[in-house]
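The values are calculated or read from the model by the stated rules, or taken from the named source; none is laboratory data. Because the structure is predicted, anything quoted here is derived from the model rather than measured. Virtual Cβ from ideal backbone geometry, glycine too; neighbours counted across all protein chains shown. Note: accessible area is taken over every heavy atom of the protein model, side chains too, but ligands, DNA and RNA are not part of it. Shrake-Rupley method; radii C 1.70, N 1.55, O 1.52, S 1.80 Å.
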Amino acid sequence: MVWPRGFGGLPSSGGSEPEVKLVEMVPHSDFGQTKLRMRHSLGYGAMAAIHKKLKLLQGLLNGEVAQTGPFFVSVDITRRCNLRCLCCRYHSPLVEHSPLVELPPQADPSIQDLSPQIFRKLCADLKVMRPANLIFVSQGEPFLHHDLFDLIHQAKEAGLHVTLYSNGTLLEEKVIKALLASLLDVLKVSLWASSLKEYEANYPGTNPEIFHRVVAGLKLLAEIKAQERCILPLVELHYPINRYNFQGIEALAGLAQATGCQAVFFAPLETHRRRFAEAALTREEEEWVCRTLVRMKKKLRSGSIHHNINKVLRRYRYGEAVWEKVPCYIPWLHVRILVDGTVLPCNLCDLPVGNLNGESLQDIWSSEALRRFRGQTLTREGLRAMASHCDCGRCCYLEQNVRVHRVFNWFSPFTRLWP
């Protein structure tokens, strides 16, 4: 069976023995090919990928029971942070209440860091379930976790492609060399500014000179990679767009080139139920951003910088009410693990479906709670009913949902409810 083109963007199945060789620096223009080579070196063969997608479709047609493991897993490793980003739903100065209100009721707010024991247990499960990707995210800054490099190493030994999100403030020589030795695949640096002025606006109360520290750290990372002739990690700038930085989006291309980054990824601001509405763009500003992003594609291409502009334009086009336009397939593809072991079906959902302290991820993946969640999110009415638990505005998983829907819409009577 030949899969429709729209389905091809899903991650592939993972292997167990990573064999990525650090032999040379990769030109920016080879970014996509390098990621492809990395996946094949990890054992993500084409046949395994097709088999996993067929099993995904089989589960979807069943309605609730997943016939394959997750395609990617997000893991929170710390709640501690050294910044107070303006629109961070955990540490923003705009949030009057404690950031821990974001935790599910069952979560333990006293636990600040993911324990090595829970992570070892998780990796043992993932080695069997074989997702392609593990993403280290956090309610804080991952580099503040004392065992970060050991965690990366364990994930690599389990055969996972590993992505790490960071604010980039701690990229010093010792840290960078440990990062290279860990064989991390992708480092995504979240940077809400392309200039000192924008940094000051988006990180209130923070010394704006830290912007220069982030830029210097990225340049040092590129320099050490060149010296060591290392491919990994590929470095991407992640730039959420808001009222205080949207006029600087064109400058990000030059910043990426100057710091040796291989990609720039933009994202619309997620207001989190209008909590950050004061930083949201007006309709006119959004239209300006979209026109500018379209114009930027040629500039980024000429500079050999990879980007996600077409995906961002889709998110602006779909708007806030994503649940009115496409079902949610994420609980068939993904789970998120919090620092206390709580398992969530989505990054923006507070409805626990299990906890690794008392259950295996394999059991949770097949649990009644997650099965009910999957069935409910396949319908518009079900998604509306989940509104108190799921913050779906400007959904960051829109692209994955659209790709799966293009295929599943042909087969399932459920999706006749959707445009």
- [ ] Only Lys, Arg, Asp and Glu count, each charged at its Cβ (+1, +1, -1, -1), so figure out the dipole size of region 275-379 about its Cα centre, rounded to 20 debye.
- [x] 880
Task: Where Lys55, Lys225 fall by accessible area, highest first, once all protein chains stay in place (1.4 Å) - done: Lys55, Lys225
Task: Arg295-Asp108 FRET efficiency (beta carbon distance; Förster radius 60 Å; 0.05 resolution) - done: 0.80
Task: In nm, spacing of pseudo-spin labels at Trp410 and Gln257 (7 Å Cα→C-beta vector) - done: 4.2
Open item on the list: Per 0.36 nm of contour for each residue apart, how much would the distance between Glu287 and Glu381 grow if the chain were fully extended, relative to their Cα-Cα spacing?
Closed with: 30.8 nm
Open item on the list: Given a Förster distance of 56 Å, report the FRET efficiency between Ser366 and Leu196 from their Cβ-Cβ distance, rounded to the nearest 0.05.
Closed with: 0.65
Open item on the list: Could you tell me how far the Cα centroid of region 180-222 sits from the Cα centroid of region 339-375, in Å?
Closed with: 33
Task: Mean projection area, nm², convex hull over Cα of region 241-323 - done: 5.6
Task: Computed accessible area, Ile364, all protein chains, 1.4 angstrom probe, square angstrom - done: 0
- [ ] Compute the length gained on full extension between His51 and Asp147: take 0.36 nm times their separation in residues and subtract their Cα-Cα distance, giving the result in nm to one decimal.
- [x] 31.1 nm
Open item on the list: If DNA, RNA and ligands are ignored and the probe is 1.4 Å, what is the ranking of Lys298, Lys219 by accessible area, most exposed first?
Closed with: Lys298, Lys219
- [ ] Could you tell me the convex hull volume per residue, in Å³, taken over the Cα atoms of region 66-222?
- [x] 129
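Using 0.36 nm per residue, how much length does the chain from His212 to Lys127 gain when fully extended, once their Cα-Cα distance is taken away? Write down the numbers at each step before the final one.
Numbers: separation 85, 0.36 × 85 = 30.60 nm, distance 3.99 nm.
Full-extension gain reported as 26.6 nm.
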